[in-house]
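Participant: Below is a structure I'd like to ask you about.
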Amino acid sequence: MVAIMRSQVQLGKIVLFGSGETSAVGRRIHNRLMSELTPPVTIAILETPAGFQPNSQHVASEVAEFFRERLQNHRPQVRIIPARKKGTPFSPDDPQILEPLLDANYVFLGPGSPTYAVYNLEGTLALKYMLGLHRQGAVLCFASAATLAVGAKVLPVYEIFKAGSDLYWIDGLNVLGQFGLELAIVPHWNNREGGAHLDTSRCFMGRERFEQLKRLLPASTTILGIEEHTALVFDFQEGRGTVMGRGAVTIGDGEKVYPAGHSFSPTELGPYQLPSTLSPFDLPKRASEPQVGQPMLPPEVAALTSVREEARRTKDWARSDALRQKLLEMGFEIQDTPQGYRWRHKDDESAGWVLVERSSR
């Protein structure tokens with residue numbers, strides 16, 4: 001195994017949730033991971049997996065609320081990155097949209113469509129930034145659709161389970177391919193939502209249908225099943241995977257099973273190795289620096305104002321008003337103008353308003 005040159009890179013952890021990323025179990029897992037980071041904890045939530053949904057901003061904001069309220073002991077600074085779809089004003093290749101990602105040391109991608117996530121992240125600046133941050137020590141946390149998408153082969157869950165498509169796999173983002181692993185990652189491994197009459201294990205495929213899917217995989221691909229309310233945490237500095245949460249991780253559809261609290265070498269998943277040319281990615285400096293003497297919103301407040309601006313853009317006036325009230329409760333008064341919004345501390349009426357101009361995009 002190639003040793004990591006700590007002067008060059010400090011690989012962060014990669015977390016794969018089987019489900020339960022915003023449950024009490026998920027909170028404990030996030031808490032442990034954030035406790036190992038050097039403060040401040042700066043979280044970036046990418047909307048991409050749910051970018052096809054009209055309410056993708058709402059999906060991301062609910063996750064943001066979970067981090068702010070349930071992990072408040074870490075005082076996390078939460079940013080939502082609306083990188084929704086290639087070739088649009090919200091492209092995962094837009095440096096301006098991605099700029100807040102550059103400060104993150106905890107990157108989260110979650111619900112949505114795994115195939116959509118692959119199509120709209122593959123080869124993008126967003127993916128390059130995430131991998132670059134990982135080589136600077138950032139945690140990459142994947143859940144739900146994103147857990148599926150980062151494998152070498154991806155199960156098109158919606159297309160098969162909801163739309164009745166023939167069985168097939170697509171090529172995935174293969175985030176772990178750089179370490180010699182070729183995985184088909186299957187969350188919701190022990191799902192039981194179908195009850196007694198419908199087997200919904202193996203991410204809603206059921207055992208019988210999954211046996212057929214297995215035969216469609218290349219012989220070199222290893223199946224990695226992750227049970228619900230469970231996460232597998234890869235620590236590349238130490239060369240191990242640790243199972244956290246309630247359930248277990250299954251390798252190869254049953255050949256090996258590791259319950260929560262157990263660790264194993266990534267070599268159990270394939271020819272694991274660190275790249276011989278492992279070196280840091282060059283990430284750009286943040287382009288926009290605050291002007292000297294200009295008041296700045298706290299990051300968690302700035303994140304909420306961004307969510308509110310998106311609510312106004314989509315004419316979700318009820319949510320916009322609710323967020324204005326929440327900002328007021330946090331101590332910040334917001335007023336809208338034709339140029340953008342302006343803010344001030346509600347308890348300091350003598351202070352002038354600070355205008356944040358609206359983007360022309």
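The values are calculated or read from the model by the stated rules, or taken from the named source; none is laboratory data. Please read all numbers here as calculations on a predicted model, not as lab measurements. So basically every Cβ, Gly included, is an ideal-geometry build from the backbone, and we count neighbours across all protein chains shown.
Participant: Please find, among Ala64, Ala60, the residue that is buried (at least 19 other Cβ atoms within 10 Å of the Cβ) and within 27 Å of Gln10 (Cβ to Cβ).
Facilitator: None of the others qualify; the one that does is Ala64.
Participant: Output the number of the condition that Arg202 fails; it satisfies all remaining conditions of (1) charged (D, E, K, R); (2) surrounded by fewer than 24 Cβ atoms within 10 Å (Cβ to Cβ); (3) modelled with pLDDT of 95 or more.
Facilitator: All conditions are met except number (2).
Participant: Being out of contact with any strand residue (DSSP E or B) (no Cβ under 8 Å at 6 or more places or on another chain), farther than 30 Å from Gly12 by Cβ and of a type in the set (S, T, N, Q) narrows it down to one of Ser220, Ser201, so name that one.
Facilitator: Sole residue among the options that is out of contact with any strand residue (DSSP E or B) (no Cβ under 8 Å at 6 or more places or on another chain), farther than 30 Å from Gly12 by Cβ and of a type in the set (S, T, N, Q): Ser201.
Participant: Moving to a separate point now. Of the residues in segment 159-176, how many are assigned to a helix (DSSP H, G or I), surrounded by fewer than 16 Cβ atoms within 10 Å (Cβ to Cβ) and not basic (Lys, Arg)?
Facilitator: Residues flagged as assigned to a helix (DSSP H, G or I), surrounded by fewer than 16 Cβ atoms within 10 Å (Cβ to Cβ) and not basic (Lys, Arg) within segment 159-176 amount to 0.
Participant: Another one. Quick one: would you say His197 is crowded, with 22+ Cβ neighbours inside 10 Å and in a loop (DSSP other than H, G, I, E, B)?
Facilitator: Answer is no for this residue.
Participant: Here's another thing I want to ask about it. Just checking, does segment 286-297 include any residue being at pLDDT below 75, in contact with a Leu (Cβ under 8 Å, 6 or more places away or on another chain), of a type outside the set (A, V, I, L, M) and within 30 Å of Gly137 (Cβ to Cβ)?
Facilitator: yes
Participant: Among what's in segment 106-125 and is among the aliphatic types (A, V, I, L, M) and surrounded by 22 or more Cβ atoms within 10 Å (Cβ to Cβ), pick the residue that is farthest from Ala64 (Cα to Cα).
Facilitator: Top of the filtered list is Val118.
Participant: Picking from Trp343, Trp353, which residue would you name as being more than 32 Å from the chain's Cα centre (by Cα) and more than 19 Å from Glu65 (Cα to Cα)?
Facilitator: Trp353
Participant: Could you go through segment 205-222 and let me know if any residue there is in a loop (DSSP other than H, G, I, E, B), of a type in the set (A, V, I, L, M, F, W, C), touching a residue at least 40 places away in the same chain (Cβ under 8 Å) and more than 21 Å from Val249 (Cα to Cα).
Facilitator: So far as segment 205-222 goes, yes, one or more of its residues are in a loop (DSSP other than H, G, I, E, B), of a type in the set (A, V, I, L, M, F, W, C), touching a residue at least 40 places away in the same chain (Cβ under 8 Å) and more than 21 Å from Val249 (Cα to Cα).
Participant: Only residues that are closer than 19 Å to Glu193 by Cβ and crowded, with 20+ Cβ neighbours inside 10 Å: list them for segment 230-247, please. Working first, answer last.
Facilitator: Of segment 230-247, the ones closer than 19 Å to Glu193 by Cβ are 230, 245-247.
Scanning segment 230-247 gives Thr230, Gly245, Gly247.
Participant: Can you tell me how many residues within segment 200-219 are among the hydrophobic types (A, V, I, L, M, F, W, C) and in contact with an Asp or Glu (Cβ under 6 Å, 6 or more places away or on another chain)? It would help to see each step written out before you state the result.
Facilitator: From segment 200-219, those among the hydrophobic types (A, V, I, L, M, F, W, C) are 203-205, 210, 213, 216-217, 219; that's our starting set.
Pick out the ones that are also in contact with an Asp or Glu (Cβ under 6 Å, 6 or more places away or on another chain) and you get none.
Of the residues in that region, 0 qualify.
Participant: Restricting attention to segment 26-39, does a residue exist that is surrounded by fewer than 21 Cβ atoms within 10 Å (Cβ to Cβ) and at pLDDT below 95?
Facilitator: Yes; the residues of segment 26-39 include at least one that is surrounded by fewer than 21 Cβ atoms within 10 Å (Cβ to Cβ) and at pLDDT below 95.
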